[in-house]
1. Once both labels are modelled 7 Å past Cα along the beta-carbon direction, what's the A:Glu115-B:Lys147 spacing in nm?
2. Post the alpha-carbon centroid distance, region B:16-72 to region B:90-133, in whole angstrom.
3. Can you work out the FRET efficiency for the pair A:Phe2 and A:Leu148, with r the C-beta to C-beta distance and R0 = 25 Å, to the nearest 0.05?
4. Helix A:2-15 sits at what angle to the longest principal axis of chain A, using alpha carbons and giving 0 to 90 degrees rounded to 10?
5. How big is the dipole moment of chain B about its Cα centre under a simple scheme where the beta carbon of each Lys and Arg is +1, that of each Asp and Glu is -1, and everything else is neutral? Debye, nearest 20, please.
6. Find which of A:Val119, A:Trp107, A:His133 sits farthest along the positive direction of the dipole of region A:95-143, computed with +1 on the beta-carbon of Lys and Arg, -1 on that of Asp and Glu, about the Cα centre.
7. Determine the equivalent ellipsoid of the protein assembly as shown by diagonalising the alpha-carbon gyration tensor, then write out the semi-axes as square roots of 5 times the eigenvalues, largest first, rounded to whole Å.
8. Positive end of the dipole of chain B, charges at C-beta (+1 Lys, Arg; -1 Asp, Glu), about the Cα centre: which of B:Ser66, B:His90, B:Phe12 has its Cα farthest in that direction?
Amino acid sequence: MFLIRVFLVSLFAYVFFGYLCIPFIIQGISMEPTYPNGGVNFCWRLRYLLSEPERHDVVAVRFAGSRVMLLKRVVARGGERVEFRDGRLFVDGKEIEEPYVRLPCNWNLPSRRVEKDCVYVIGDNRSMPVENHHFGQTSKRRIMGGPLW
Amino acid sequence: MVNARYLLMGVFIVIIGIIFAVAFFPSEEKKVKKRFRLLSEWVSKSPEENAFTLLQKMKDIGTLFSDPCELKASDESLSGSYTRQEISAHAGSARSQFSRLDLAFYDLHIALPEKKIAKVTLTSRLTGKSISGEQVDEIRELECLLKKIDNTWLFTQIEVVQVLKK
């Protein structure tokens, strides 16, 4: 009986933490101060099972294989135009309030349209030069889920 | 009793036969995986590497690629078609910038859509230390196309998957 319990608990843990709620360690400063470097979180895979990623959602984007993910924030959806003027974000020509961006930003990025079935993702830390920050348009199919907190 | 002994011997011979077949007649997937293992081994560099090993590895790297081999990357300056000699030269030049270099491949998904074509999706991780002391840790998803030419799997096309497009 004990062995059966151990087996069932192990099986549940394997499926839950291996496929549904994947633990990860944040490496890098691109989401600071919201998600600091070295922090631990879980990627909830069912987050977008019945819904689509919305603007301001933090998502885990599959970067390589099934182990490497990028933690980024959705700022625009398919069909929308996104641009930066002096560090301020504009979507379809309208300025977007971003209370989560607390570090200074002076980015300028010409307007571009987000392709269908894609989202535009950026980190919260935009204090570095625009060319040093890993951001841009990605396919919705690469979104693995969202962080638990 | 005699029958049982023959039966045991038969089972033993079958097991030995299976081990022999697996060891000496590897599947195509294993042969493809071996090419990645060799690429990883020959690109990687230890601080103690001597000049002879360096030259040998440079020469060996070229033999893994078809002539020419196409590279597709978001960086336009890297994309293009390269001959074996060019690949060996570029690899040697890149390796010389590092005192230590490790190339590892993970999550290999191998598909064989045709008898002599293999499509492999994988994660590559390049870690190392440049001669100026800078640490390098680059991870990319790659899509590789290998063709079996003269009974050898050769890299024909390597594409760096662009996850984020600015």
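1. It is 2.6 nm.
2. Taking the Cα centre of each part, region B:16-72 and region B:90-133 sit 11 Å apart.
3. On the way: r = 31 Å, r/R0 = 1.24.
After rounding, the FRET efficiency stands at 0.20.
4. For A:2-15 against chain A, the angle is about 20 degrees.
5. Numbers: 24 positive and 21 negative charges, 109 e Å.
Its charge dipole is roughly 520 debye.
6. A:Val119
7. On the way: eigenvalues 354, 180, 74 Å².
Taking √(5λ) for each eigenvalue gives 42, 30, 19 Å, largest first.
8. After comparing all options, I get B:Phe12.
The numbers here are math on the coordinates, done by the rules we state, and not lab data. The structure presented is a predicted model; accordingly, all values stated were derived computationally and were not measured. Here Cβ is always computed from backbone atoms with ideal geometry, including for glycine, and neighbour counts include all displayed protein chains.
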